[in-house]
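What follows is one structure encoded as structure tokens, with my remarks underneath.
What follows draws every value from the coordinates through simple rules; no lab data is involved. Predicted model only: the values in this text are computed from it and were never measured. Cβ: placed from backbone, ideal geometry, glycine included. Neighbour counts: every protein chain shown.
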Amino acid sequence: MKKLICILLCLVFLSGCGYASSTSESFESMDTFMKIDIYGSEDVAAKIRAEIERLDGLLSAQDDESEIGRLNKNSTAELSEETSDLLAKSLELCNDTDGALDISVYPLVEAWGFIDKNYRVPDDDEIKDLLKYADYRKITLDGNSASAGSGVRLDLGAVAKGYAADRAVGIMKENNVRAGILNLGGTVAAVGEKPDGSKWRVGICDPENTASYFGAVSVSDRIVATSGNYERYFERDGKRYCHIIDPKTGYPADNGTVSVTVISDSGLLSDALSTALFVMGIDGAKKYWRDHRDFEFILLDDKNNLWLTEGIEADFKLNADYDYNIKTIKA
Ligand code: ADP
Ligand code: MG
């Protein structure tokens, strides 16, 4: 008799939450590891995985057959509605961040060896030469017809995972699925609430030990994207060169920023800005936030300062083992 009551209570609890089942998918796509946990659906995780794999096929700069690959190869291409729309929005963000985000840095990313992992420090002349091709203003869109100046090549690596997160959230909505946590290689979509009704806690990597988190943000229906100098980098003569390029200099960004986390309700915005604010550094990031205010950010610098915008402060918790100096940024 006791047992029966217990089973009934469990059933009531599960149906009350609407999370009668959960499914996961772990896979590699967009050159990174992804893990999707979806609550209250049997098949949506697989649908989202298929969608992300489709987007990778559409957007990968390294695939000559993708739409972006064809544009890179031929300097012109007729794009699908979806790719033109993403390209238009990305170009707007390049413009809005005054080129801190620049989707045409591909030749520089390649010269530093971040594509084939043959890392090298190009000489100044080579960088100067390649800077001529790194300029998003040389990419134009007329309807769905895109063209890029000669030698200009695009790389949507800084925004694709964010766009994928938005599509994933869209698929969940279309299927009436209310909760899930999706980690698309450092771009995390926290949808709805945890099965116990509390907010999701998204950890932010300790740059010195990426198996640990220095803290976490509690969020619901937000996309949390992090860019850091510990993700992909190499060292030469004691100096660290990271995979985020400052499009103004052609060198990896080197302004004392260690990691930037952006929290907003748009994956595209969070992903684009985590890269752009990393390039801007703390002063530029503060100014950009004060001018926009449609996102929050957390920036760790190499002096152990942890900068938080005031809108995220209450939802951020620093782990007890870390003694970062917390500095709140007010509007
Ligand atoms: P990750 O891909 O490691 O999550 P980001 O979202 O910050 O990190 O994107 C970095 C990728 O974007 C790089 O690997 C490179 O392909 C490209 N990239 C590097 N610098 C820039 C930049 N200033 N603007 C746009 N894209 C960039
Ligand atoms: Mg990014």
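Among 65, 82, the order by Cβ neighbours within 10 angstrom, fewest to most, reads 65, 82. When only alpha carbons are used to place a centre, region 178-236 and region 38-55 end up 19 Å from one another. Where does the charge balance sit around residue 275 when Lys and Arg score +1, Asp and Glu -1, over other residues with C-beta under 12 Å from its C-beta? In short, -4. For region 193-198, 3J(HN,Hα) computed residue by residue from phi via the Karplus equation (6.51, -1.76, 1.60; θ = phi - 60°) reads 10, 5, x, 8, x, 8 Hz, glycine and proline entered as x. Size check on region 52-110: the Cα extents along the three principal axes, sorted descending, read 30, 26, 24 Å. Relative contact order for the chain: what percent, with Cα pairs under 8 Å and sequence separation of 6 or more? It comes to 15 percent, rounded to a whole number.
What whole-number volume per residue, in cubic angstrom, does the convex hull of the C-alpha atoms of region 152-210 give?
Working: hull volume 5.5 nm³, N = 59.
Measuring per residue, one finds 92 Å³ for the Cα hull of region 152-210.
Quick one: of 128/287; 117/161; 35/132; 73/161; 35/138, which pairs are farther than 32 Å apart, Cα to Cα?
On the way: 128/287 29 Å; 117/161 21 Å; 35/132 38 Å; 73/161 23 Å; 35/138 36 Å.
As for pairs spanning more than 32 Å Cα to Cα, those are 35/132; 35/138.
Where does the Debye-calculated log10 I(q)/I(0) of region 23-155 sit at q = 0.11, 0.12, 0.13, 0.17 Å⁻¹, using only Cα point scatterers of equal weight, no solvent? Here the Debye-derived log intensity ratios amount to -0.48, -0.56, -0.64, -0.98. According to the calculation over all Cα-Cα pairs in region 179-247, the P(r) per 10 Å bin from zero is 19, 40, 26, 11, 3, 0 %.
Note on residue 239: aspartates and glutamates with a C-alpha under 12 Å away, same-chain residues under 8 apart excluded, are 254.
In this simple spin-label approximation, residue 51 and residue 142 carry label points 7 Å from Cα along the Cα→Cβ vector, and these lie 3.4 nm apart.
For region 283-323, the C-alpha radius of gyration divided by 2.2 N^0.38 Å, with N the number of residues, is 1.26.
Counting only whole DSSP H helices of the chain, there are none at least 30 Å long by C-alpha along their axis and with mean Kyte-Doolittle hydropathy no lower than 1.6. Kirkwood-type hydrodynamic radius, the chain: 20.9 Å, calculated from all non-identical alpha-carbon pairs. Building the convex hull from the alpha-carbon atoms of region 113-178 and averaging its projection over directions returns 7.4 nm².
Tell me, what is a quarter of the convex hull surface for the C-alpha atoms of region 232-331, in nm² with one decimal? It would help to have the intermediate numbers written out before the result.
Values: hull surface 29.3 nm².
Mean projected area for region 232-331: 7.3 nm², to one decimal.
The convex hull around the C-alpha trace of region 249-298, projected and averaged over every direction, spans 3.5 square nanometres.
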